[in-house]
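Report on the following structure.
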């Protein structure tokens with residue numbers, strides 16, 4: 001009798017303990033899903049009139065059965081560094097040269113590091129700031145090999161603190177916040193590197209942080225003369241990726257500095273960025289706007305919603321998965337807009353093989369829901385990626401470009417990752433509009449090379465389990481895209 005009472009008492013205690021745990025867990029998950037964003041995050045500048053904008057692209061393609069690598073972006077970044085006179089601020093998601101095969105990839109990280117160090121040596125009074133993500137240290141498992149030499153040269157290195165941001169994988173992150181985060185990540189690693197098998201070892205705690213799948217994903221350079229918003233990383237193993245970038249000048253530079261100041265304010269190493277002292281009067285037929293995080297999402301949806309019958313919507317994209325964007329594309333096509341999707345087949349990511357998610361099941365869904373009206377081509381990748389994140393919407397008179405670091409996924413667009421994007425609006429006959437239009441036309445029609453393949457090249461291989469995994473990932477929100 002006494003034993004039975006004790007057993008009931010312990011059972012009751014366990015249920016009470018479980019209820020308390022679930023209550024706390026639910027509160028943690030809910031709060032970190034909907035908590036207020038830090039000040040300055042999800043930024044939106046006003047519109048500025050400008051005369052011109054420069055468009056750059058990196059392309060890897062096949063010509064006469066040989067690989068051609070035609071790159072412009074980091075060459076221009078090098079020129080921007082050399083010509084700057086007052087300051088340089090770079091925010092770059094990946095800055096490392098860890099590779100699986102030495103000598104196989106362009107030394108993007110070495111080149112950028114050396115240019116910045118040389119600039120600092122020649123101009124020791126110049127403020128140079130490099131903001132980045134902890135992915136480059138294996139989430140604090142090891143020293144950033146391409147970052148520490150810059151720090152020693154006097155360049156300010158800022159590692160972004162991401163915990164104040166909302167959680168894109170709430171079910172996991174709730175548990176992580178209640179436990180593993182309090183033990184830190186630093187220490188001698190013993191686990192195989194998640195990105196490069198022969199790279200420095202990582203700690204188990206770093207892997208646990210990695211599984212939050214949250215990043216400062218921005219890719220940009222700001223100087224006193226101009227600024228570039230890019231889709232490309234200073235990451236050697238990404239050196240053959242196809243990417244796009246836009247360079248702007250004028251007072252919008254201060255808005256970009258404001259958005260970067262917000263990132264610095266999140267981090268341990270806090271200081272005030274320099275101010276833009278250039279001309280504040282800009283006129284022209286083009287308008288530009290700088291947006292970050294969720295403000296990009298709002299602009300994408302509004303632009304898609306405004307697309308009318310016979311308008312053209314062109315997408316060059318690495319990842320397409322956000323439900324609202326997918327529905328916006330579908331609705332626009334069903335209203336009579338001509339939609340052209342130029343996508344990566346998602347064969348690889350971070351040097352590892354992928355299963356075609358999310359793009360292949362998304363394409364299948366869009367084609368089914370528009371009765372095949374949306375046209376799709378895959379970029380003809382080998383080991384590299386088709387890595388742009390760009391949309392062009394145009395009619396006979398005007399066009400809108402949205403481009404930058406953000407893939408069209410929930411993680412990248414809905415205030416989880418830090419992202420940087422540029423919006424350009426203006427007459428269709430403006431030079432930058434013609435260049436971007438020509439870019440899409442060249443790749444779609446394989447003018448001067450083999451760039452793209454038809455939709456059935458990859459779509460016919462979409463299996464039942466791929467659809468099932470995609471559906472589960474959508475439901476639980478636990479994805480790497």
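Applying the condition of being at pLDDT below 95 and touching a strand residue (DSSP E or B) at 6+ places or on another chain (Cβ under 6 Å) to segment 256-283 and asking which residue is surrounded by the fewest Cβ atoms within 10 Å (Cβ to Cβ) yields 283. Does residue 193 satisfy the criteria of being closer than 20 Å to residue 98 by Cα and at pLDDT 95 or above? It is false that residue 193 is closer than 20 Å to residue 98 by Cα and at pLDDT 95 or above. Can you find a residue in segment 110-128 that is farther than 30 Å from residue 429 by Cβ and under 18 Å from the mean Cα position of the chain (by Cα)? Checked segment 110-128: no residue is farther than 30 Å from residue 429 by Cβ and under 18 Å from the mean Cα position of the chain (by Cα). If you go through segment 393-435 and keep only what is within 18 Å of the chain's Cα centre (by Cα) and part of a strand (DSSP E or B), you end up with 401, 402, 403, 404, 408, 418, 420, 421, 422, 423.
Conditions (1) assigned to a helix (DSSP H, G or I); (2) within 27 Å of residue 219 (Cα to Cα); (3) in contact (Cβ under 8 Å) with a residue 24 or more places away in the chain, marked per residue:
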| site | (1), (2), (3) |
| --- | --- |
| 13 | yes, no, no |
| 18 | yes, no, no |
| 24 | yes, no, yes |
| 75 | yes, yes, no |
| 89 | no, yes, yes |
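In the set (1) in contact with a strand residue (DSSP E or B) (Cβ under 8 Å, 6 or more places away or on another chain); (2) surrounded by fewer than 21 Cβ atoms within 10 Å (Cβ to Cβ); (3) closer than 19 Å to residue 291 by Cβ, the condition left unmet by residue 228 is number (2). With respect to the conditions (1) surrounded by fewer than 22 Cβ atoms within 10 Å (Cβ to Cβ); (2) out of contact with any helix residue (DSSP H, G or I) (no Cβ under 6 Å at 6 or more places or on another chain), residue 357 lacks only one, and its number is (2).
For residue 253, the test of being over 16 Å from the mean Cα position of the chain (by Cα), surrounded by 18 or more Cβ atoms within 10 Å (Cβ to Cβ), free of Cβ contacts under 8 Å to residues at least 60 places away in the same chain and outside any loop (DSSP other than H, G, I, E, B) is passed. Segment 143-232 holds helices (runs of 4 or more DSSP H) entirely within its bounds, and those carrying 1 or more residues that are within 22 Å of the chain's Cα centre (by Cα) and in contact (Cβ under 8 Å) with a residue 12 or more places away in the chain map to 170-178, 204-210. Among the residues of segment 46-58, is any more than 19 Å from residue 246 (Cα to Cα) and either assigned by the TED database to the domain that holds residue 262 or surrounded by 18 or more Cβ atoms within 10 Å (Cβ to Cβ) (or both)? No; the residues of segment 46-58 include none that is more than 19 Å from residue 246 (Cα to Cα) and either assigned by the TED database to the domain that holds residue 262 or surrounded by 18 or more Cβ atoms within 10 Å (Cβ to Cβ) (or both). Take residue 293 and tell me if it is out of contact with any strand residue (DSSP E or B) (no Cβ under 9 Å at 6 or more places or on another chain) and within 28 Å of residue 469 (Cβ to Cβ). No, not satisfied.
Scanning segment 348-386 for residues that are without any contact (Cβ under 8 Å) to a residue 12 or more places away in the chain and not in a strand (DSSP E or B), we see that the one that is farthest from residue 317 (Cα to Cα) is 371. Among the criteria (1) assigned to a loop (DSSP other than H, G, I, E, B); (2) free of Cβ contacts under 8 Å to residues at least 40 places away in the same chain, the one residue 345 does not fulfil is (2).
Taking the condition free of Cβ contacts under 8 Å to residues at least 12 places away in the same chain, in the same structural domain as residue 340 (by the TED database) and touching a helix residue (DSSP H, G or I) at 6+ places or on another chain (Cβ under 9 Å), does residue 429 pass? For residue 429, the condition - free of Cβ contacts under 8 Å to residues at least 12 places away in the same chain, in the same structural domain as residue 340 (by the TED database) and touching a helix residue (DSSP H, G or I) at 6+ places or on another chain (Cβ under 9 Å) - is not met. Quick check: is even one residue across segment 114-121 at pLDDT 95 or above and assigned to a loop (DSSP other than H, G, I, E, B)? Within segment 114-121 (the criterion being at pLDDT 95 or above and assigned to a loop (DSSP other than H, G, I, E, B)), the answer is no, since none of the residues qualifies.
Matching residues to (1) at pLDDT 95 or above; (2) over 22 Å from the mean Cα position of the chain (by Cα); (3) within 30 Å of residue 122 (Cβ to Cβ):
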site: 27; (1), (2), (3): yes, yes, no
site: 31; (1), (2), (3): yes, yes, no
site: 42; (1), (2), (3): yes, no, no
site: 54; (1), (2), (3): yes, no, yes
site: 76; (1), (2), (3): yes, no, yes
site: 79; (1), (2), (3): yes, yes, yes
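The values are calculated or read from the model by the stated rules, or taken from the named source; none is laboratory data. Quantities reported herein were computed from a predicted structural model and do not represent experimental measurements. Positions of Cβ are generated from backbone atoms using ideal geometry, with glycine treated the same way; all protein chains shown enter the neighbour counts.
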